[in-house]
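The values are calculated or read from the model by the stated rules, or taken from the named source; none is laboratory data. If you're wondering where the values come from, they're calculated on a predicted model, not measured in any experiment. Positions of Cβ are generated from backbone atoms using ideal geometry, with glycine treated the same way; all protein chains shown enter the neighbour counts. Heavy atoms of the whole protein, side chains included, go into the accessibility calculation; ligands, DNA and RNA do not. Shrake-Rupley method; radii C 1.70, N 1.55, O 1.52, S 1.80 Å.
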Amino acid sequence: MEIIIFTGPPYSGKGTQCSLLEESLGFSHISTGDRIREEKERRSPLGKIMATYEEKGALVPDQIMKDMIQKIIEENLDEKGIILDGYPRTISQVDTLFSLIDGKNVKVKSVINIEVPREELLARSITRAKNSDRKDDQDTTTHEKRIEIFEKETRPAIVYMKSKFEVSDINGLGSIEEITKRISALIKI
Ligand code: ADP
């Protein structure tokens, strides 16, 4: 199995780009945010715990996410590949992911980091709030908090990944098609 890791701030368009790539690559798009929302909808005890973090714009604790990513890896070992959207988001999650694939027939094909300036992220968050029924999309305090947590927790995780592997920075400004072209050129589709 091959893995393409997608990272970048909230509202950077990761989900949109991953869905488009899923079709052209034949890899499954797996979003940890979507998995959390599915678990919430099932109203399982775990879903209820996750909701308390997700709805505030906070990160779900690493230990809970570890069980989720372990399941994702195991379920897809025999697949051609997956596009991982939303994991890893902390330095500890980077180590977890790499220890889980160590010794298995799994290769990280690319790491794509979509860059979008803060002002544009905030503008997009307001548009998304109007079209979304996600609880974490509803108020500007949560938007700002999610961007803040990205800077505090995920930015260092990206720097850490850059010290270990090749991470490709992609300019996330422009039309959806333009950004897809930039990514496709990088992963040589
Ligand atoms: P976006 O696409 O806007 O960045 P996601 O749908 O990926 O948002 O994630 C929504 C929320 O789910 C996050 O704010 C966080 O609470 C939780 N979440 C998703 N992935 C992770 C992760 N790897 N670690 C911790 N929390 C996560």
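May I ask you to derive the relative contact order of the chain, considering only C-alpha pairs under 8 Å and at least 6 residues apart, and to give it as an integer percent?
Result for the chain is 35 percent.
Compute, for the chain, the length of the dipole vector about the Cα centre, with Cβ point charges of +1 (Lys, Arg) and -1 (Asp, Glu) only. Units Debye, rounded to 20.
140 debye
Assuming 0.692 mPa s and 37 °C, estimate D for the stretch 71-180 with Stokes-Einstein, Rh taken as the Kirkwood radius over Cα pairs, in µm²/s.
In µm²/s, the coefficient is 205.
Among F27, F150, F165, determine the one that fluctuates most according to a GNM of the chain built with springs between C-alpha atoms less than 10 Å apart.
Evaluated over the chain, the most mobile residue of the options is F165.
With respect to the cross-link table entries K130/K162; K104/K188; K107/K145, which display a Cα-Cα separation exceeding 26 Å?
From the list (K130/K162; K104/K188; K107/K145), the Cα-Cα distance tops 26 Å for K130/K162; K107/K145.
Highest GNM mean-square fluctuation, the chain, Cα pairs closer than 10 Å: which of S175, S110, S31?
Most flexible of the set in this elastic network: S175.
Using a simple spin-label model with points 7 Å from Cα along the Cα→Cβ vector, what separation in nm is obtained for S99 and S168?
3.0 nm
Can you pull the accessible area of K152 for me, 1.4 Å probe, Å² to the nearest 10?
Here the residue's solvent-accessible area equals roughly 150 Å².
Just how much of H29 is accessible, in Å², when a 1.4 Å probe is used and the result is rounded to the nearest 10?
That residue has around 40 Å² of solvent-accessible surface.
Sort largest first and round to whole Å: the equivalent ellipsoid semi-axes of the chain, each the square root of five times a Cα gyration tensor eigenvalue.
For the chain, the ellipsoid semi-axes come out as 24, 21, 16 Å.
Given labels modelled 7 Å from the Cα in the Cβ direction, how far is it in nm from E55 to T16?
2.8 nm
Quick one: order K66, K164, K40 from most to least accessible surface, probe 1.4 Å.
Ranked list, largest accessible area first: K164, K66, K40.
Given only helices, namely DSSP H runs of n ≥ 4 each adding -39500 (n - 2.57), what is the per-residue ellipticity at 222 nm of the chain, to the nearest 500 deg cm²/dmol?
Calculated mean residue ellipticity at 222 nm is -16500 deg cm²/dmol.
For the chain, with a Gaussian network of springs between Cα atoms less than 10 Å apart, report the residue from D137, D169, D102 with the top mean-square fluctuation.
It is D102.
Of R155, R124, which has the most accessible area with a 1.4 Å probe, and how do the rest follow in descending order?
Of R155, R124, the descending order of accessible area is R155, R124.
If the chain between L46 and L77 were fully stretched, how many nm would it gain, using 0.36 nm times the residue separation less the Cα-Cα distance?
Additional length available on full extension: 8.7 nm.
For the stretch 2-181, which whole-number percentage of the solvent-accessible area (1.4 Å probe, protein heavy atoms only) is attributable to carbon and sulfur atoms?
After summing per-atom areas, the C and S share lands at 49 percent.
In sequence order, what are the phi-derived ³J(HN,Hα) couplings for the stretch 161-176 according to the Karplus relation 6.51 cos²θ - 1.76 cosθ + 1.60 with θ = phi - 60°, rounded to whole Hz, with x for glycine and proline?
4, 5, 6, 10, 9, 7, 10, 9, 7, 10, 6, x, 9, x, 6, 4
Taking loop as defined by DSSP and a crowding limit of 15 other beta carbons within 10 Å, which GluC sites (Glu not before Pro) in the stretch 92-189 fit?
Counting only loop positions with at most 15 other Cβ atoms within 10 Å, the GluC sites (Glu not before Pro) in the stretch 92-189 are E166.
Whole number in Å², please: accessible area per residue of the chain, 1.4 Å probe, ligands, DNA and RNA not counted.
Heavy-atom accessible area per residue stands at 52 Å².
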